[in-house]
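In what follows, a structure is listed as structure tokens, so that the remarks can point back to it.
The values are calculated or read from the model by the stated rules, or taken from the named source; none is laboratory data. The structure presented is a predicted model; accordingly, all values stated were derived computationally and were not measured. Cβ sites come from the backbone with ideal geometry, for glycine too, and all protein chains shown count toward neighbours.
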Amino acid sequence: MRIDIQSDSRKVLPGDTFIAIKGIDRDGHDYIEQAIKNGATKIIAEHGSYSVETIIVEDTEQYLIQYLHEHYDSEIRKLKLIGITGTNGKTTSAFLLHTALNQLGRKTGYIGTVGFYVKDKICSLDNTTPNLYTLYSIFLECLEMGVEQVVLEVSSQAICGHRVEGLLFDYAVFTNLTEDHLDFHKTMENYALAKQQLFRQLKPDGKAIINIDDDYQDYFVLDGNHNITFGKKESDYQIGNIKMNTMGSVFTVTHLGETTMLKTPLIGEYNFYNLMISIIILSDMGYSMEKIKHLCAHLNAPVGRMETINYLDNRIIVDYAHTPDAMEKLIHTVKSVCDGNIYAVFGCTGSREREKRPVMMKIATTLCKHVIVTIDDLHEEEAQEIVADMLKENQNKNYEVEFDRKKAIEKGISLLKHHDILLIMGKGHEDFIIVKEKKIPFNDVAVVKEIIREMEVKEKL
């Protein structure tokens with residue numbers, strides 16, 4: 001089923017209606033004439049006069065939201081919607097659940113940071129949570145493919161930008177809240193309240209799943225909701241007896257007085273929290289803990305999340321960690337299973353949250369043997385400005401600066417000796433670097449493999 005109203009002039013077909021939406025970067029009204037050239041026979045706009053039938057409305061965005069709900073909600077509500085929000089862990093949690101449900105034969109779609117996944121189809125997305133129009137298009141496509149439920153990451157900016165407005169969820173999940181996006185939200189309270197909105201969009205029989213160990217959990221345990229808690233503290237699903245090594249982890253889950261020991265190839269305490277979301281939802285859907293136990297032993301994180309490449313007797317780990325909290329947790333996790341030294345390659349994103357830069361530098365230089373500072377997404381900033389911020393008040397001297405990210409990774413690999421680990425942080429699954437809003441192709445994992453191949457060729461010569 002195709003939505004019979006278009007907000008992108010490039011997708012207009014003869015006979016379509018085009019609606020002009022004002023965005024942050026561009027105004028749909030500037031593309032009305034192009035839409036008419038492409039065959040639009042009706043225009044919905046906030047102003048202007050055009051050569052085809054035109055409807056003038058006060059707010060085209062709200063008109064579109066209302067239109068989508070009126071015409072497509074009866075179909076969309078056939079899907080189970082599982083929304084996962086939080087600062088860290090959204091992608092891993094959502095991907096693990098998506099994978100688990102599909103392995104159980106439950107046709108499930110995924111929408112989030114690493115794209116749109118349904119059956120064998122994988123598509124990239126411009127945002128972690130697309131706009132409502134794109135979401136409805138994806139939902140309708142999922143229904144045509146026989147999908148039962150969709151797991152989607154729900155960002156705070158998506159909530160504030162009305163990208164999930166009017167959607168009703170079967171499950172709303174809170175992972176954690178740490179400092180991020182404060183350039184947008186200004187305060188942690190505003191940040192928490194934005195995410196809280198997801199928990200006000202549950203279906204009457206919907207469930208709220210909350211990490212009770214997080215300092216901000218009170219914002220999400222709402223009166224009137226069916227709340228399910230998890231964590232190391234006393235909760236509905238309590239985590240305990242954690243043990244880790246380089247091959248994976250074991251831990252226990254206690255629910256309704258029964259304790260089950262589970263194995264997972266994942267390492268890191270934060271990954272137990274990510275995995276718990278799958279455990280709880282599968283349990284709530286009626287699957288036995290024995291079935292869940294078997295699944296957990298074979299579930300792996302998505303690309304760019306602790307993605308490991310072996311090199312001699314060393315390991316190179318590529319991870320999306322781009323906040324102080326995520327970086328610190330990652331390094332501590334790796335330290336707990338590493339017999340050698342830990343080295344790091346990372347940079348900080350330009351044009352946002354400058355206050356994070358020296359904090360991340362301090363964490364890296366304090367916890368790692370040596371750090372190679374390089375570029376991340378620069379956006380409109382100069383690399384030198386970003387690095388200068390990172391080095392402010394830094395007292396540690398175990399670092400060097402290499403603005404060429406490939407050369408920085410190459411230097412990091414050259415430092416590895418025996419049983420060492422190199423962490424390459426910040427980009428994860430992404431296959432580009434943004435410079436002056438241009439996407440330059442670059443993928444950390446691909447670059448690592450290329451460098452290793454080059455080194456192996458040199459050794460043979």
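Contact annotation: residue pairs with Cβ atoms under 8 Å, 6 or more positions apart or on different chains, pairing a residue in the stretch 405-431 that is in contact (Cβ under 8 Å) with a residue 12 or more places away in the chain with a partner that is small (Gly, Ala, Ser) and in a strand (DSSP E or B), are 412/344; 422/344; 423/344; 424/344; 425/344. Residues of the stretch 250-258 include at least one that is at negative phi, in contact with a Ser or Thr (Cβ under 7 Å, 6 or more places away or on another chain) and among the polar types (S, T, N, Q). Given the structure, is residue 134 surrounded by fewer than 21 Cβ atoms within 10 Å (Cβ to Cβ) and either in contact with an Asp or Glu (Cβ under 6 Å, 6 or more places away or on another chain) or among the β-branched types (Val, Ile, Thr) (or both)? For residue 134, the condition - surrounded by fewer than 21 Cβ atoms within 10 Å (Cβ to Cβ) and either in contact with an Asp or Glu (Cβ under 6 Å, 6 or more places away or on another chain) or among the β-branched types (Val, Ile, Thr) (or both) - is met.
Report yes if some residue within the stretch 217-234 is assigned to a helix (DSSP H, G or I) and among the acidic types (Asp, Glu); otherwise report no.
yes
Does residue 233 satisfy the criteria of being of a type in the set (D, E, K, R) and within 25 Å of the chain's Cα centre (by Cα)? So residue 233 fails the test.
Taken as a whole, the structure leaves residue 343 outside the set of residues that are hydroxyl-bearing (Ser, Thr, Tyr), in a helix (DSSP H, G or I) and in contact (Cβ under 8 Å) with a residue 40 or more places away in the chain. Among strands (runs of 3 or more DSSP E) entirely within the stretch 36-115, having at least 3 residues that are surrounded by fewer than 20 Cβ atoms within 10 Å (Cβ to Cβ) and modelled with pLDDT of 90 or more singles out 53-56. Find all pairs meeting these conditions: Cβ atoms under 7 angstrom apart; at least six residues apart or on different chains; first residue within the stretch 319-336 and assigned by TED's automatic domain parsing to the domain that holds residue 420 and modelled with pLDDT under 90; second residue of a type in the set (A, V, I, L, M) and assigned to a loop (DSSP other than H, G, I, E, B). Partner pairs satisfying both residue conditions: 333/267.
The residues of the stretch 116-141 that are out of contact with any strand residue (DSSP E or B) (no Cβ under 8 Å at 6 or more places or on another chain) and part of a helix (DSSP H, G or I), listed by number, are 132, 133, 134, 136, 137, 140.
Quick one: in the stretch 142-169, of everything that is touching an Asp or Glu at 6+ places or on another chain (Cβ under 8 Å) and outside any helix (DSSP H, G or I), which residue is nearest to residue 74 (Cα to Cα)?
166
Would you mind listing the strands (runs of 3 or more DSSP E) fully within the stretch 365-461 where at least 1 residues are under 25 Å from the mean Cα position of the chain (by Cα), surrounded by 18 or more Cβ atoms within 10 Å (Cβ to Cβ) and not charged (D, E, K, R)? Where strands (runs of 3 or more DSSP E) fall fully within the stretch 365-461 and carry at least 1 residues being under 25 Å from the mean Cα position of the chain (by Cα), surrounded by 18 or more Cβ atoms within 10 Å (Cβ to Cβ) and not charged (D, E, K, R), they are 370-373, 421-425, 432-435. Which count do you get for residues in the stretch 162-188 that are farther than 25 Å from residue 327 by Cβ and within 17 Å of the chain's Cα centre (by Cα)? Residues flagged as farther than 25 Å from residue 327 by Cβ and within 17 Å of the chain's Cα centre (by Cα) within the stretch 162-188 amount to 3. Listed by first and then second residue, the pairs with beta-carbon distance under 6 Å, at least 6 apart or on different chains, first residue in the stretch 1-24 and over 18 Å from residue 138 (Cβ atoms), second aromatic (Phe, Trp, Tyr) and surrounded by 14 or more Cβ atoms within 10 Å (Cβ to Cβ), are 9/31; 12/18.
Residue count for the stretch 1-15, restricted to those that are surrounded by fewer than 20 Cβ atoms within 10 Å (Cβ to Cβ) and either aromatic (Phe, Trp, Tyr) or part of a loop (DSSP other than H, G, I, E, B) (or both): 8.
Of the residues making up the stretch 237-259, those that are surrounded by fewer than 19 Cβ atoms within 10 Å (Cβ to Cβ) and free of Cβ contacts under 8 Å to residues at least 24 places away in the same chain number 12.
Residue 195 satisfies every condition listed in (1) in a strand (DSSP E or B); (2) buried (at least 17 other Cβ atoms within 10 Å of the Cβ) except (1).
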